[in-house]
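The values are calculated or read from the model by the stated rules, or taken from the named source; none is laboratory data. On a predicted model such as this, the values are computed, not experimentally measured, just so you know. Methodologically, a virtual Cβ is constructed for each residue, glycine included, from the backbone with ideal geometry; neighbour enumeration extends over all protein chains shown. All accessible areas refer to the heavy atoms of the entire protein, side chains included, with ligands and DNA or RNA removed. Shrake-Rupley method; radii C 1.70, N 1.55, O 1.52, S 1.80 Å.
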Amino acid sequence: MRNIIKSQLYQLKFNRITIMVFVALIAFGIVQAFVQMDINLRNGKLLTGGDYAALNSSMQVVVAQMFIVVCAAQTCFGDFVDKTTNYELMSGHTRAQVYFGRVITTLVVTVPATLIIMLTPEIVVIAVNGWGTKLDIGGMLIRLALMVLPLTRYICEMMLIGFIMKNPYIVMGVGYVYFALGMQFYESQSLFLASTNLIALSTVNVWTTFGLDSELNYVYDTGLDYTVILGTIAISLLVGGGCVLLGYIFFKKDDQN
Amino acid sequence: MIALDTVLAVVVLLSALALFVVAGYAEKLVSTRWRALYCLPASLCLILMGAAGFELCMMTGYIGAAVLLVGFIWENVKVRRGASIAAALLAVLCFPICESNMGYRLPDFAADFRESFAVMKDHYVLTEHKEIDWDALYDEYHPRFQQADTEGSEKIAQAAWNSFCAEFYDGHVGFMPSFEDHSEEFYGNDYGLMLMRLSDGSIAAVGVEPDSAVTEAGIHNGTIVTSWDGMDPVEASKKSEMYEQISYTDKDIAEFYSAMLAAGVGDSTVDVSFIADNGEEKTVTLSKMGKFIDRMDDTLAIISQGVEVGNLEWAEIDENTVCLRIKSMMYDTKAATDGNYSRMKNNLYAEVEEYKAAGYTNLVIDLRSNGGGASDVVKVIGELFAPVGEHYYATDGKWDDTLGNYVYNVETGEYAEGEKHYFTGENTWDSNPIVLLVNAGSASAADHLAMVMRGMDNVTVMGFTEPNGSAQGVAGYTTESGMLAFSCSLLLDENGDVFIDSDTDMESGDDLDIKVPFDSEAIKVLFEDGEDYLMNKAIEHMSK
């Protein structure tokens, strides 16, 4: 399995699609950060890291999902078209080694890369204007840690589709349809879809008060209801684990032709 | 059942039937991708659950979708067909379970109450002013919402919300349900009339149904009613289901409406005692003829009527008097977005000059049933009609970003003051008489306008009751059950006290210069002659 992981990582270095999308989204994040800071400055306000996290995190989640579809498809199934798995099986690797080698590589690469894309604009704003005093950083870190679970689940769902379809471009197509469906229901913030679960975790409760002629005062609440925390953990593990298991059951007996 | 749940159940059923038929086909085909069909119902189930949310009554449908996954794992034809049959049966079971269960797709009332309560407790700005005991309120009302969940009753939940909001005696605290409005069930039956308290303390019939059993019995508009359903009418009012769900900010307003709910109390018939035209006390039995809420709305519309023109439009009342009707403190969306009301001011200024040039000397500003809006509109009106010079408006409470709240000194019991606001008067009406007509529906920014103009020498604030007495900024918090609105932006007066809103003594800071008696003459003019009694009184006052 180690050799499979190494070979997947080696191939990824030369995967132009994934690298280009990653770089483009990092650049997009940096530009977005500066644009948002500029817009706020023109309105006489300073956009701090806390403000950005409270008001724009859900936008970052949308961008992240678009990246996951590409990265998971290319990392796990980029070499399916030239039947690399057949050669891996013929060279003596077991089905389990081939399968889990790819799954582990995809998760290990995609999750951190997605987090980097999500956090890039935030880091830029913090570097320029600091975190501020309105938003509890501990609460946001808990939310970020929880977001890893639906991100992982989303990747597992893409991998199940990929092992059935055996084509990275079909995975990307189906993945974008799934992403679009999730965006249709984003207001529900349901825990049953990975995309809406991510929206629920990234949306901070914002309260505003106002004076007769003065600016709005914002109060942010990062607290999460225990049902959201438990639901995120349980559903992400259940569905994500289920997808990995079903993918293996399918791959174990699947004819690789 | 809602559409999405029906779709889910039908999809699982049809998928199960289709997969039953094709159970053996995957083995006959070259590609094993056909096995993926057994995952489709579960995937669709997740998507529909994401859209519609989880519902316990639909559990059999969810399990049915999961059971079909067996066909993905086991390739045995018999196992696949067995799973399809089981899934089909489970899907069919959804329909009777959902249709027969009272709690189907109801919000979690107790959870929504807890969530809204926590937010309101953190952000309600009049906690100290009104001496709110949050723990006691939670202990009293949380069990009522739990009962609503247990019984699957929207009506119980709505009554609990209304009663909870009434505890604050704040016109800005209210609940708008997302479910069906059950208000008409709380108001009771219509017996053909409504009761109102007169200024001398007696109770009179108003809004009497013409040419009905009520008039045949000898009751007409203005008839004094001495007893309702064997009780004093004010006591009868307290028997109404709606009584604990309504509160007023000021005790004078509460007194004005103290008999309003009585005429909805009763069963299929009710005994009513009244003073007949010959001076004798009579008792009659009236039968219910409909829903009380309809009569109450129609009758209150007559009592609370404002001049029938559009917002910020003018009406010529007589050769000397013109009326500016302000139905709400809003101008247009552009002004609201930009915060620039110069266009409104210029237009109003031109209109005022026009009416002055035409010879009008008396102005009525009709604020009746004005629910409020932008403070900028208050400033524009104030600037136009106030005497030349600077006038105080109100003071913002002092906000602390770190606290995430207004600064309140617990030891002194005072709020810290922020920015003070003033406006500069231009006296465009040349100090000629101005009457502000108000009622209990004149709230929020309308309260502000009445308050800032009341001190002016040429201005008289008139009405049956003072304005509502709710002046703080308001915002809402939305849950699945509905939206809870409450006062969340603090305003103070010149002395650093809360601006206008009453405390536990239920005396709001917004008073009348002339309280017009609600008496038999008022009833005759309003209900028999069909005239605007308060407008007549305003003209009479300005003619002196």
Selection from segment A:139-170 of residues that are within 12 Å of chain B (Cβ to nearest Cβ), of a type outside the set (Val, Ile, Thr) and open to solvent by 40 Å² or more (accessible area, probe 1.4 Å)
A:165, A:167
Looking at segment A:185-200, which of the residues that are modelled with pLDDT under 85 and assigned to a helix (DSSP H, G or I) is least open to solvent (accessible area, probe 1.4 Å)?
A:188
Look at segment A:196-221 and say how many of its residues are more than 20 Å from residue B:406 (Cα to Cα) and more than 8 Å from chain B (Cβ to nearest Cβ).
8
Which of the strands (runs of 3 or more DSSP E) found entirely inside segment B:427-513 contain at least 3 residues meeting this: of a type in the set (Lys, Arg), in contact with a Cys (Cβ under 6 Å, 6 or more places away or on another chain) and open to solvent by 20 Å² or more (accessible area, probe 1.4 Å)?
none
Considering B:209, B:184, which residue is in contact (Cβ under 8 Å) with a residue 60 or more places away in the chain, open to solvent by 30 Å² or more (accessible area, probe 1.4 Å), farther than 30 Å from residue B:482 by Cβ and touching a Lys or Arg at 6+ places or on another chain (Cβ under 8 Å)?
B:209
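Tell me, yes or no, whether segment B:289-308 has at least one residue that is in a loop (DSSP other than H, G, I, E, B), open to solvent by less than 60 Å² (accessible area, probe 1.4 Å), touching a Cys at 6+ places or on another chain (Cβ under 8 Å) and modelled with pLDDT under 95.
Taking segment B:289-308 and keeping what is in a loop (DSSP other than H, G, I, E, B), we get B:289, B:304-308.
Applying the additional criterion that residues be open to solvent by less than 60 Å² (accessible area, probe 1.4 Å) yields B:304-307.
Subset that is touching a Cys at 6+ places or on another chain (Cβ under 8 Å): B:307.
Retained after the next criterion (residues that are modelled with pLDDT under 95): B:307.
Yes, there is a match, as at least one residue in segment B:289-308 is in a loop (DSSP other than H, G, I, E, B), open to solvent by less than 60 Å² (accessible area, probe 1.4 Å), touching a Cys at 6+ places or on another chain (Cβ under 8 Å) and modelled with pLDDT under 95.
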Take segment A:37-54 and flag every residue that is in a helix (DSSP H, G or I), farther than 11 Å from residue A:122 by Cα and either touching a helix residue (DSSP H, G or I) at 6+ places or on another chain (Cβ under 6 Å) or open to solvent by 40 Å² or more (accessible area, probe 1.4 Å) (or both).
A:38, A:39, A:41, A:42
For residue B:126, all conditions in the list (1) surrounded by 20 or more Cβ atoms within 10 Å (Cβ to Cβ); (2) over 22 Å from residue B:473 (Cα atoms) hold save one; what is the number of the exception?
(2)
Counting only residues that are under 30 Å from residue B:145 (Cβ atoms) and either of a type outside the set (A, V, I, L, M, F, W, C) or modelled with pLDDT of 95 or more (or both), give me the strands (runs of 3 or more DSSP E) lying completely in segment B:177-284 with at least 3 of them.
none
Residues to consider are A:59, A:147, A:140; find the one that is within 11 Å of the chain's Cα centre (by Cα) and within 17 Å of residue A:198 (Cβ to Cβ).
A:147
Within segment A:238-253, is there a residue that is in contact (Cβ under 8 Å) with a residue 40 or more places away in the chain, facing another protein chain (nearest Cβ under 10 Å), closer than 24 Å to residue A:136 by Cα and not charged (D, E, K, R)?
no
Go through the residues of segment A:124-137 one by one and say whether even a single one is in a helix (DSSP H, G or I), in contact (Cβ under 8 Å) with a residue 40 or more places away in the chain and surrounded by fewer than 16 Cβ atoms within 10 Å (Cβ to Cβ).
yes
Can residue B:394 be described as buried (at least 21 other Cβ atoms within 10 Å of the Cβ) and in contact with a Leu (Cβ under 8 Å, 6 or more places away or on another chain)?
yes
